[in-house]
1. Mind telling me which of the residues THR43, THR71 ends up being open to solvent by 80 Å² or more (accessible area, probe 1.4 Å) and either in contact with a helix residue (DSSP H, G or I) (Cβ under 8 Å, 6 or more places away or on another chain) or in a loop (DSSP other than H, G, I, E, B) (or both)?
2. Mind listing just one residue for me: the one in the range 19-40 that is touching a residue at least 40 places away in the same chain (Cβ under 8 Å) and assigned to a loop (DSSP other than H, G, I, E, B) and, of those, least open to solvent (accessible area, probe 1.4 Å)?
3. Considering (1) in contact with a His (Cβ under 7 Å, 6 or more places away or on another chain); (2) open to solvent by 10 Å² or more (accessible area, probe 1.4 Å); (3) closer than 23 Å to HIS36 by Cβ, say which one GLN94 fails and leave the rest.
4. Hey, among ALA139, ALA143, ALA115, which residue is among the small types (Gly, Ala, Ser), farther than 19 Å from GLU45 by Cβ, in contact with a helix residue (DSSP H, G or I) (Cβ under 8 Å, 6 or more places away or on another chain) and assigned to a helix (DSSP H, G or I)?
Amino acid sequence: MELSSILKPEAVRVFSTASSKKRLFQEIADLAFAVHGQNPETTVEALLERESLGPTGVGHGVALPHARLSTLDKVSGVFILLEKPIDFGAVDRQPVDIAFALFAPEDAGVEHLKALALVSRTLRDQAICNKLRSNLDPAKLHAILTESHPVQAA
């Protein structure tokens, strides 16, 4: 599995501000609607429901919100870089400025987990995160995310 199969170039955005986690989820849902045709209300509800199980802020300014949606037929994602970090309730209590949201069909099974592991491994790399944070061009962000990276042990 490659990130390029999950993340379309038009699914990458930079936002100057998001006032809260819920507002970020709304931005994610609006982008998912524009790119993948997902219902924004259903998407926000699914993200909030998943978040209620435990924070998806994984630390170092990175959040990996994810949800299963009955309307999807394949795993897809959206990436948002925030110019101003927000409180996300992350495990390290650091504000979040990188959010990669993953959506999977309800019956995706292991594909959803593989995609989540791939995104997690990619964004655990500080060099990649530093490159992302120093670029505000969505096309460049997509290129950074989808270029081949050496596989690290999970």
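The values are calculated or read from the model by the stated rules, or taken from the named source; none is laboratory data. Everything quoted here is computed from the prediction, not taken from an experiment. With ideal geometry, Cβ positions are generated from the backbone for all residues, glycine too; neighbour counts draw on all protein chains shown. Heavy atoms of the whole protein, side chains included, go into the accessibility calculation; ligands, DNA and RNA do not. Shrake-Rupley method; radii C 1.70, N 1.55, O 1.52, S 1.80 Å.
1. On the way: THR43 fails: open to solvent by 80 Å² or more (accessible area, probe 1.4 Å).
Only one candidate qualifies: THR71.
2. Among them, the one singled out is GLN38.
3. Condition not satisfied by GLN94: (3).
4. ALA139
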